[in-house]
Amino acid sequence: MKLHPAILAGCALLATSSAFAQVTDPNTGNTYDVTQKKMFWTDADNDAKKQMFGGAPGHLATITSQPELDFVMANLPISRPWLGGFHGTADPNYSEPADGWAWVTGEAFTFTNWSAGEPNNTAANGGPEDYLEMFASGEWNDAEDNHIFTNQFRVEWEPTGGRIGSNLCGPANLNSSGMPAE
């Protein structure tokens, strides 16, 4: 079987970006990967957006529930990765250290797993801690963009069309049978 050059190039990009295979959560259809690379959060965010899987661009992983955290912890090697959370200083609810956190995808930042005493906006270098990293325990820490201990990042891809169970046609309109679409 002969593959199209664009497919081969995409495979090469994924092969060089990670030493681990992508894993897909059967409950959500979301696929995750880990990239072992030390970089600023802002650079990791840009890199994640360039990674493609199944025709979809990636993003830094957003952990929005305990089951999602459990899946990631059980299926990916954890060191100290960046996640897709950031302190949205333009958010009307912004205040240090805990209000105004957001996900890169715009999802609600309602589930949290902060380590004791976090977020605290206390960087050793005195800079603001506006980016989300995860400890090996699965607990979260706020860190500065150039945090020296963060050595990997999580990439997440959602199924084309959104998460499984997403209402893409809401509010549901009546169809020809007089019933709302599902």
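The values are calculated or read from the model by the stated rules, or taken from the named source; none is laboratory data. In this text the structure is predicted, and so the values were computed from the model without any measurement. Ideal geometry is used to build each Cβ from the backbone, glycine not excepted, and the neighbour counts take in all protein chains shown. What goes into the accessible areas is simple: the full protein's heavy atoms, side chains included, and nothing from ligands, DNA or RNA. Shrake-Rupley method; radii C 1.70, N 1.55, O 1.52, S 1.80 Å.
Summary of values
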read-out	value
Conditions (1) open to solvent by 20 Å² or more (accessible area, probe 1.4 Å); (2) under 17 Å from Glu139 (Cα atoms): number failed by Ala61	(1)
Qualifying residues in the range 97-112 (those that are more than 14 Å from the chain's Cα centre (by Cα) and open to solvent by less than 50 Å² (accessible area, probe 1.4 Å)) - the one farthest from Leu60 (Cα to Cα)	Pro97
Selection count, the range 45-57, where residues are touching a Gly at 6+ places or on another chain (Cβ under 9 Å) and open to solvent by less than 40 Å² (accessible area, probe 1.4 Å)	3
Count of residues meeting criterion [open to solvent by less than 10 Å² (accessible area, probe 1.4 Å) and among the hydrophobic types (A, V, I, L, M, F, W, C)] in the range 123-157	7
Condition met for Lys38 (open to solvent by 50 Å² or more (accessible area, probe 1.4 Å), at pLDDT 80 or above and over 19 Å from Leu69 (Cβ atoms))	yes
The range 76-95: number of residues that are surrounded by fewer than 16 Cβ atoms within 10 Å (Cβ to Cβ) and not β-branched (Val, Ile, Thr)	8
Options Gly29, Gly127, Gly54; residue that is in contact (Cβ under 8 Å) with a residue 12 or more places away in the chain and either under 15 Å from Asp145 (Cβ atoms) or out of contact with any Pro (no Cβ under 8 Å at 6 or more places or on another chain) (or both)	Gly127
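To keep it simple, each residue is scored yes or no on (1) on the phi > 0 side of the Ramachandran plot; (2) part of a loop (DSSP other than H, G, I, E, B); (3) modelled with pLDDT under 95; (4) not acidic (Asp, Glu).
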{"position": "Ile78", "(1), (2), (3), (4)": "no, yes, yes, yes"}
{"position": "Asn93", "(1), (2), (3), (4)": "no, yes, yes, yes"}
{"position": "Ala102", "(1), (2), (3), (4)": "no, no, no, yes"}
{"position": "Ala116", "(1), (2), (3), (4)": "no, yes, no, yes"}
{"position": "Asn121", "(1), (2), (3), (4)": "yes, yes, yes, yes"}
{"position": "Phe149", "(1), (2), (3), (4)": "no, yes, yes, yes"}
